[in-house]
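Structure first, commentary second.
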Amino acid sequence: MKPLNMLLIFLLLLPLNISVAQQKKVLIIDAGHGGTDLGAIGTNHIKEKNITLAIAKAMLVFNKELLDNKYDMYLTRYTDTLISLSHRTKLVKALKPDLFISVHCNHATNKRATGIEIYLHSKTPLQTKNQKKSNGFALSMIEELTEQLGYRSRGVKFANFQVLRESIHTSPAILVELGFLSNVDEANYLELKKNTNALALAILLSTLKHFKL
């Protein structure tokens, strides 16, 4: 995996800034875990809760500094705080975003497991409006993360996660697993700020490209 070329991405964003409709899209970024819920622990002892918050906060900064607040963007948590899953989805129901992204890192007993995977709600048919949009965002995000950062794709998967189950009827909703903390290489990659920034920027770029479609 490689860090994203910040200048290249900024230049790629410029034409999109001109063509995207003036009305702001609303994004909710859910930094998984937090507080006493550490999430997965890396081989290098990094905590999932810290990585997900770093990525979410970087997206907030890039939206402001590179995109001139193109999105109305909200985080489900801004600090190392434990927020219940039901409270996270209450924000979705209140704001009715154009996209809800729950950010996580993976873990497996197989230390060689690598790559990214994106989940959709397993009990919502793909033909429904929000699920169809969710699938489109998932595919766009996988393409961006694999092409720009060199991640291995594990594809789009389905699960009955609470944040997806309670959000999908209100908005498109995806849960992103950004690499395995049980894998030495991916844990070391995610430990570096330049790489979490690269992930944040690549996710933002994928949403911009997909909204333009």
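Would you kindly state how much longer the chain becomes between Ser86 and Asp72 on full extension, computed as 0.36 nm times their sequence separation minus their alpha carbon distance, in nm to one decimal?
Length gained between Ser86 and Asp72: 2.9 nm.
Any idea how far the Cα center of region 106-133 sits from the one of region 17-96, in Å?
18 Å
Could you tell me the largest-minus-smallest coordinate of the C-alpha atoms of region 46-195 on each of the three principal axes, in descending order and whole angstroms?
Sorted from largest, the Cα extents of region 46-195 read 39, 34, 30 Å.
Probe of 1.4 angstrom, ligands and nucleic acids ignored: what's the accessible area per residue over the chain, in square angstrom? All intermediate terms of the calculation are to be shown ahead of the outcome.
Values: 9840 Å² over 213 residues.
With the other protein chains kept in place, the chain gives 46 Å² per residue.
Test of understanding: what is the full-extension gain from Asn44 to Thr170, defined as 0.36 nm times their sequence separation minus their Cα-Cα distance?
Here the segment from Asn44 to Thr170 would lengthen by 41.6 nm.
What percentage of the solvent-accessible surface of the chain, computed with a 1.4 Å probe over protein heavy atoms, is contributed by carbon and sulfur atoms?
On the way: 5440 of 9840 Å².
Carbon plus sulfur share of accessible area: 55 percent.
Once you've got the Cα coordinates, tell me which of Lys129/Lys193; Lys47/Lys129; Lys129/Lys194; Lys70/Lys90; Lys57/Lys111 are over 31 Å apart.
Lys129/Lys193; Lys47/Lys129; Lys129/Lys194
What aspartates and glutamates could a cross-link reach from Lys24, if we take a straight Cα to Cα line under 14 Å and drop same-chain neighbours fewer than 8 places away?
Cα-Cα hits under 14 Å: Asp68, Asp72, Asp98.
The values are calculated or read from the model by the stated rules, or taken from the named source; none is laboratory data. Being a predicted model, the structure only gives us computed values, none of them experimental. Protein only, heavy atoms only, side chains kept; ligands, DNA and RNA dropped before computing areas. Shrake-Rupley method; radii C 1.70, N 1.55, O 1.52, S 1.80 Å.
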